[in-house]
Amino acid sequence: MFYSIGFGRIFAFSCLFGLSLPANAQQSDPAFIASLLSPQGYVNAKISPDGAHVAVIAFNGFNHALIMLDTATMDSKIIGKAERVEEGFWILNRQPQDIIWIDNEVMAVDFGAQIEAMNLEGKKIALLAESLEGVQMIGKVEATQEQSVQVLVAYGTSEKKLTSIDPKTGKSSRLSTPDSGKLIDWAFDKHGQLRAVTMQNSSFWKETNSISNWYRKNALSAWEKLEEFKVTDDYWQPIFVPDQENSIVVTSRQGRNTHAIFRYDTQKRTLDEMMAGHPTEDIASITGLKQTFFESVSTQGLFRQTVWFDSDWSRIQATVDLALPNSVNRLSGNPKTKVLVYSYSDINPGSWYLLDVEKLQFTHFGNERSALDRKQMHKMSAFTYPAMDGTAIPAYLTHPSNSSVDDLVGNEKRQPLPLIVMIHGGPIHRDHWEWNSEVQLLSQEGYVVLQPQFRGSTGFGKNFETAGYGQWGLMMQDDITAGVKYLIEKGIADPNRVCIYGASFGGYAAMWGLIKTPELYRCGISFAGVSDIEYLFKDDSDSNESRVTKEIMRYTIGDLKLEKEKFDQVSPLKHVDQIQSPLFLVHGSNDRRVPISHSLKMKAAMEKNHKSVKWLELRNEGHGISHINSRGEFYRELLLFLKQYLKPDTGQKEPKASPP
């Protein structure tokens, strides 16, 4: 039995979008857009150690529920629902968020502000942790004498404490850490003993912030500082402490271009042998650390790839990949009995399968975003294009015809289409080959969508990332420009119908694109964009409340005291008079990362200079969209704006500037 979600809810989403569409927007498919908006479906699943059960968290658009699936019969039942709990002055909205199997009969379930141990029927065994400031499960400790779960208890943002808890009794014991700042990373040995930590020191009396890595030989030994770094250094991070004496397994890119896995020698205090690495891609994850060898290593370039060193798992992976091609298929469970498969792709936000290895049965039992028709989704292809200096820039392209860039180049029958250049935030961030609701929304409307991974993006090596430092509006923007020109040159994009759109840093790039290369863009869309780099260092954002974040900003963007003139030269707010195309400004009223004042200043300047500007304030939203109503409103206004300014070309561009 699936957690009841009902067709009425889908209809409600459809009405939310469809009833307020004006006549000139009738081409949009309200049912399709409603399916993009609907979050209902399975959002998490974990298989028990013996493979007899799968615990599932489902969402119906309002609340989450905990479901138990019997893998022998594939029958399911709800064992827990969201609930509002009042305890004295506490009012908690308990929603199941994560699951850890302790053994075959007991689970630890994260409800947000509370973590409980419960049995297969959903009966509470013990309250493991509780805090209004947040608690987070970090994993199971495979203790030799007793079973327990490690719980990371976070008291606000200033301090984190690790606690070992027995899930059957609720008894807890605090794990000691060095008295040297804020705990930000940690590593255990196979017995569940905390043996290595990373601390962040932001002492008021120090001009710079520091990172220190610590180690102890056993749970009773004193902590020993191994190394200290600047927060802007490439410091190594502990992952696991193996049986090998004086060793820590760490991730690092010191002395190399990509993140790799190393053995760290605690006596020599240096990186020793590289255990796993890739020359051009970062190591994204590893499994099997508590054994004598890695089970698997995954890398994350343009596509995620996993290599198994265990023959049983390698065989299962090959079998699943054959059954679910063109997908990323992540496996868990036991390769000899039952395997849980989570599969996702560019056209599938996620699906869950159970593989019974002994019976050779492969059963699909749930989807994320179950209202979506996967057959209506458009494929995302990966490619590279040359920057102005010849550097290869990674990118993703989604075309309404489902064609790849290679297929489109040289195809004389196809016509160039309007292009949306979609810029990611960060900018020390990246896009991934995965399902994206906005990409699907735009491609369904007939737009080509380009997602350039310009210099400064992560995941493609240290050299590529650091090449973007200090390059706001400069080389990073040139990389975006080169991508647009490449698609125009290849006949994929209509040169007269290009719009640039982005959020956060991407919003900045959208505004700056209208100024730096006005001939390229018919319109621009900035969602929570930075309008003035000088103001970025002075606003009331949460970033400016953190000394660590401010130091990283100075390192990656530049020093305001030394480079104000450079910042002014590439700040949209300082060059509004040069904007020639319409601009759509969108911002959440409660944004703490990039305050709404950035967009309000830009709106006022646009109006003062008699420029065409459209404004949308999303009430009760922060740095992004968390409410379905807000997303529906944004999608509606986004499509109206694009249809107004990306009409089929009539030989002339839209008027350069019309009063709002």
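Before moving on, here are some points about what is shown:
- Considering (1) over 30 Å from ASP29 (Cβ atoms); (2) of a type in the set (S, T, N, Q); (3) not in a loop (DSSP other than H, G, I, E, B), the lone condition that SER443 does not fulfil carries the number (1).
- Being part of a loop (DSSP other than H, G, I, E, B), among the hydrophobic types (A, V, I, L, M, F, W, C) and buried (at least 22 other Cβ atoms within 10 Å of the Cβ) is a property that TRP435 lacks.
- Residue list for the stretch 401-445, filter: at pLDDT 95 or above, of a type outside the set (S, T, N, Q) and more than 26 Å from ASP478 (Cα to Cα): TRP435, LEU441, GLU445
- Number of the exception - ASP479 against (1) farther than 27 Å from ILE557 by Cβ; (2) open to solvent by less than 30 Å² (accessible area, probe 1.4 Å); (3) among the acidic types (Asp, Glu): (1)
- Flag for TRP472 being part of a loop (DSSP other than H, G, I, E, B), of a type outside the set (Val, Ile, Thr), in contact (Cβ under 8 Å) with a residue 40 or more places away in the chain and crowded, with 19+ Cβ neighbours inside 10 Å: yes
- Of the strands (runs of 3 or more DSSP E) that lie entirely inside the stretch 275-366, those containing 3 or more residues that are crowded, with 19+ Cβ neighbours inside 10 Å and of a type in the set (A, V, I, L, M) span 338-344.
- Unmet criterion (only one of (1) open to solvent by 20 Å² or more (accessible area, probe 1.4 Å); (2) modelled with pLDDT of 85 or more; (3) under 30 Å from VAL109 (Cβ atoms)) for LYS160: (2)
- Test: residue in the stretch 526-536 that is touching a strand residue (DSSP E or B) at 6+ places or on another chain (Cβ under 9 Å), in a helix (DSSP H, G or I) and closer than 18 Å to GLN578 by Cβ: no
- Filter result (touching an Asp or Glu at 6+ places or on another chain (Cβ under 6 Å), part of a loop (DSSP other than H, G, I, E, B) and of a type in the set (S, T, N, Q)) within the stretch 192-245: ASN209
- Residue match in the stretch 484-506 (condition: open to solvent by 20 Å² or more (accessible area, probe 1.4 Å), of a type in the set (Val, Ile, Thr) and either farther than 18 Å from GLY468 by Cα or assigned to a loop (DSSP other than H, G, I, E, B) (or both)): yes
- Entry remark, the stretch 213-222: residues being surrounded by fewer than 19 Cβ atoms within 10 Å (Cβ to Cβ) and of a type outside the set (Lys, Arg) number 5 in total.
- Scanning the stretch 547-562 for residues that are open to solvent by 50 Å² or more (accessible area, probe 1.4 Å) and in contact (Cβ under 8 Å) with a residue 24 or more places away in the chain returns ARG547, ILE552, TYR555.
- Residue among ASN590, ASN620, ASN609 that is more than 30 Å from THR549 (Cα to Cα) and of a type outside the set (D, E, K, R): ASN609
- Residue satisfying condition, being within 22 Å of HIS424 (Cβ to Cβ) and either part of a helix (DSSP H, G or I) or modelled with pLDDT of 95 or more (or both), within set SER626, SER599: SER599
- Lone unmet requirement of (1) modelled with pLDDT of 95 or more; (2) under 25 Å from VAL197 (Cα atoms) for PHE240: (1)
- Verdict on SER381 being free of Cβ contacts under 8 Å to residues at least 24 places away in the same chain and touching a helix residue (DSSP H, G or I) at 6+ places or on another chain (Cβ under 9 Å): no
Yes/no per residue for (1) at pLDDT 80 or above; (2) open to solvent by 20 Å² or more (accessible area, probe 1.4 Å); (3) of a type in the set (Phe, Trp, Tyr):
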| site | (1), (2), (3) |
| --- | --- |
| GLU130 | yes, yes, no |
| VAL153 | no, no, no |
| ARG195 | yes, yes, no |
| PHE204 | no, yes, yes |
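- Enumeration of residues in the stretch 96-111 that are open to solvent by 20 Å² or more (accessible area, probe 1.4 Å) and not in a strand (DSSP E or B): GLN97, ASP103, ASN104, GLU105
- Subset of the stretch 429-447 that is among the hydrophobic types (A, V, I, L, M, F, W, C) and in contact with a strand residue (DSSP E or B) (Cβ under 8 Å, 6 or more places away or on another chain) - its residue that is nearest to GLN305 (Cα to Cα): TRP433
- Only one of the numbered conditions (1) farther than 23 Å from ILE480 by Cβ; (2) under 21 Å from the mean Cα position of the chain (by Cα) is not met by HIS378, and that is (1).
- Cβ-Cβ under 7 Å pairs, at least 6 apart or on other chains, the stretch 179-195 side touching a residue at least 40 places away in the same chain (Cβ under 8 Å), far side among the acidic types (Asp, Glu): LYS190/GLU142; GLY192/GLU142; ARG195/ASP189
- For ASP272, the conditions (1) in a strand (DSSP E or B); (2) over 18 Å from ALA196 (Cβ atoms); (3) open to solvent by 60 Å² or more (accessible area, probe 1.4 Å) are fulfilled apart from (2).
- Restricting SER541, SER531 to residues that are of a type in the set (S, T, N, Q) and under 22 Å from the mean Cα position of the chain (by Cα) narrows the list to SER541.
The values are calculated or read from the model by the stated rules, or taken from the named source; none is laboratory data. The structure presented is a predicted model; accordingly, all values stated were derived computationally and were not measured. Here the Cβ is made from the backbone with ideal geometry for all residues, glycine too, and neighbour counts use every protein chain on show. Just the protein is used for accessible areas: all its heavy atoms, side chains included, with ligands, DNA and RNA removed. Shrake-Rupley method; radii C 1.70, N 1.55, O 1.52, S 1.80 Å.
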